[in-house]
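The values are calculated or read from the model by the stated rules, or taken from the named source; none is laboratory data. Quantities reported herein were computed from a predicted structural model and do not represent experimental measurements. When we count neighbours, we look across all protein chains shown, and the Cβ atoms used for this are built from the backbone with ideal geometry, even at glycine. The area values use the complete protein model at the heavy-atom level, side chains included, leaving out ligands, DNA and RNA. Shrake-Rupley method; radii C 1.70, N 1.55, O 1.52, S 1.80 Å.
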Amino acid sequence: MKNILVTGGAGFIGSNYINFILNERENYNIINIDKLTYAGNLENLSPSENNPNYTFIKGDITNTELINYIFEKYKIKYVINFAAESHVDRSILGSEVFFRSNVIGTNVLLEASRRYEIEKFIQISTDEVYGSLGPSGYFEETTPLAPNSPYSASKAAADLMALAFHHTYGVPVTITRCSNNYGPYQFPEKLIPLMIINALNDKKLPVYGDGLNVRDWIYVLDHNKAIQLVLENGRDGEVYNTGANTEMPNIQIVKLILNYLGKSEELIQYVKDRPGHDRRYAIDSSKIKNELGWTSAYTFEDAIIQTIEWYLANRNWWENIISGEYQNYYSKQYQL
Ligand code: NAD
Ligand code: TYD
């Protein structure tokens, strides 16, 4: 059995990864540590909760004692670090928890990985560490880091610690930097689920600035497959960019969602821009394609419909969320 510590596995991408991998690999034993912040939800793991190869531990990755205990008790040989504060707008409202979870938390995991001589550490990073692009060009692995938000700066700091641990101590670290994900179980603070849910509730759809900021979208299962390839075949000390060549201005997605749901474009409301809003992200994925044979299997046209249909079919999941603490945040967000 491969004993794999997955951190942040109750969040959007981590839960999709666990549900996917327990189906794909019978020899994987997944230990999921998650603090269950506002973004962590054990319902996301209902397909896996009774799997004998799955264990959940509620805990914080900044807790050195707990992390050492887990490495020892479960004989951890592989780590996939998804755990993070992940939302740019929240990082603008307050950066401290981003620094703690994303930077200090990663450092605690790296120290334990060094101590217990693990075989692989995958740091799940983001294309946002490269900053913002103009109208042309792509992020390559060699593009200098130039993060702009407290969120992206904390992710860049974690990446640099991870690479330093490889360089200095030989910890077998590999970093993935992926573009914007969408799919089932994404917390409705992010663009796509927020717009779907507001449209379904006939609430205004708040579009920042002129709506022409561009993101490069990837379906979460395509990202999961990339992570799997990197875990199995990625080279230590390397970075792999991952994206599905699906650049789109925000307003185009918002209109697509409204049209699919048969709602009026009058629901669109242009609001004050996000401070420091990155204009454009676009990823060059040649390295992971050429070296590891990764390709995206889902087209945006199909996967966005699947995603909208998932939110239509899983009203309970998001109604529970939006009736809770979310309300507080939602009203604060537009006073940025
Ligand atoms: P998410 O916010 O949905 O989930 C994060 C999870 O981490 C939550 O379950 C939360 O409870 C947990 N967590 C937070 N702090 C923790 C701590 N101190 N200890 C233990 N658990 C903690 O985020 P996501 O969208 O699933 O993103 C996962 C990872 O992927 C993050 O590292 C993020 O930076 C990266 N990423 C996300 C995207 C995207 O589009 N969502 C794109 C590229 C990279
Ligand atoms: P988001 O999902 O927060 O991801 P990120 O900022 O990490 O790329 O936002 C995606 C894009 O959508 C980004 O350009 C900001 C924009 N956006 C809005 O216009 N309105 C919103 O309510 C949100 C949440 C995002």
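Can you give the extra length, in nm with one decimal, that the chain gains between ALA313 and GLU291 once fully stretched, where that is 0.36 nm per residue apart less the Cα-Cα distance? List each step's numbers first, then the result.
Values: separation 22, 0.36 × 22 = 7.92 nm, distance 3.81 nm.
Gain on extension, ALA313 to GLU291, equals 4.1 nm.
Can you tell me how the range 1-96 classifies by the Cα gyration tensor, rounded, prolate or oblate, using a/c under 1.5 as the rounded cut?
Numbers: a/c = 2.26, a/b = 1.40, b/c = 1.62.
Note, shape of the range 1-96 comes out oblate.
Take every DSSP beta bridge whose two residues both sit in the chain, then give the antiparallel share in percent to the nearest 5. Walk me through the numbers on the way to the answer.
Details: 3 of 41 bridges.
Antiparallel bridges make up about 5 percent of those DSSP assigns within the chain.
Just the projected area, averaged over all directions, of the convex hull on the alpha carbon atoms of the range 238-319: how many nm²?
Details: hull surface 32.8 nm².
Answer in nm², one decimal: 8.2.
Please give the residues of the range 73-103, grouped as numeric ranges, whose backbone N is less than 13 Å from a label point set 7 Å along the Cα-to-Cβ vector of LEU160.
Output list for this probe position: 103.
Using DSSP, restrict attention to beta bridges with both residues in the range 189-336 and report what percent are antiparallel, rounded to the nearest 5. Intermediate values should be presented prior to the final figure.
Working: 3 of 8 bridges.
Percent antiparallel among DSSP bridges in the range 189-336 is about 40.
How high is the relative contact order of the chain? Use alpha-carbon pairs under 8 Å, at least six apart in sequence, and give a whole percent. Mind showing how you got there, number by number?
Numbers: 620 pairs, mean separation 58.7, N = 336.
Reported relative contact order: 17 percent.
Debye calculation, C-alpha points only, no solvent: report log10 I(q)/I(0) for the chain at q = 0.13, 0.14, 0.15 Å⁻¹, in the same order as the q values.
For the requested q values the scattering log ratios are -0.98, -1.15, -1.34.
Determine the share of the range 226-336's accessible area contributed by carbon and sulfur atoms, expressed in whole percent, with a 1.4 angstrom probe. Working shown, then result.
Numbers: 2400 of 5430 Å².
Heavy-atom surface of the range 226-336 belonging to carbon and sulfur, 1.4 Å probe: 44 percent.
Need the list of lysines near LYS120 for cross-linking: C-alpha distance under 22 angstrom, and skip anything on the same chain fewer than eight residues off.
Those lysines meeting the cut-off are LYS2, LYS73, LYS75, LYS77, LYS155, LYS225, LYS287, LYS289.
In what sequence, largest accessible area first, do HIS87, HIS166 appear using a 1.4 Å probe? Don't skip to the answer; put the middle values down first.
On the way: HIS87 10, HIS166 60 Å².
Reading off the accessible areas and sorting them downward yields HIS166, HIS87.
Taking R0 as 56 Å, what's the FRET efficiency between THR168 and LYS272 from their Cβ-Cβ distance, rounded to 0.05?
Working: r = 44 Å, r/R0 = 0.79.
The value I calculate is 0.80.
If I ignore ligands, DNA and RNA and count only protein heavy atoms, how much of LYS289 is accessible to a 1.4 Å probe, in Å² to the nearest 10?
LYS289 has an accessible surface of roughly 80 Å² with all protein chains in place.
With every protein chain present, what is the per residue accessible area of the range 253-336 (1.4 Å probe, Å²)?
54
Highest mean first, what order results for 243-255, 200-212 on Cβ atoms within 10 Å?
Details: 243-255: 19.2, 200-212: 15.4.
Highest to lowest by the protection proxy: 243-255, 200-212.
For the range 4-137, with only Lys/Arg (+1) and Asp/Glu (-1) charged at the beta-carbon, what is the dipole magnitude about the Cα centre, in debye rounded to 20?
On the way: 11 positive and 16 negative charges, 62 e Å.
In total the dipole reaches around 300 debye.
So, with a 1.4 angstrom probe, what is the percent of accessible area on the range 108-166 that is carbon and sulfur?
Numbers: 1270 of 2360 Å².
The computed percentage sits at 54.
Sorted by accessible area with a 1.4 angstrom probe, largest first, how do GLU43, GLU117 fall?
Values: GLU43 90, GLU117 140 Å².
So, going from the largest accessible area down, we get GLU117, GLU43.
Once ligands and nucleic acids are excluded and a 1.4 Å probe is used, how much of TRP317 is accessible, expressed in Å² to the nearest 10?
The accessible area of TRP317 comes to roughly 20 Å².
Which whole-number percent gives the relative contact order of the range 84-221, counting Cα pairs below 8 Å spaced six or more residues apart?
Working: 149 pairs, mean separation 37.9, N = 138.
Over the range 84-221, the number comes to 27 percent.
Using a cut-off of 25 Å between alpha-carbon atoms, which lysines can reach LYS255, once sequence neighbours fewer than 8 places away in the same chain are excluded?
Output for LYS255: LYS190, LYS203, LYS204, LYS263, LYS272, LYS332.
Using the Karplus equation 6.51 cos²θ - 1.76 cosθ + 1.60 (θ = phi - 60°), what ³J(HN,Hα) coupling, rounded to whole Hz, does each residue of the range 272-289 give in order, writing x for Gly and Pro?
Using θ = phi - 60°, the values come out as 3, 5, 5, x, x, 4, 5, 6, 8, 10, 7, 10, 9, 9, 4, 5, 5, 5 Hz.
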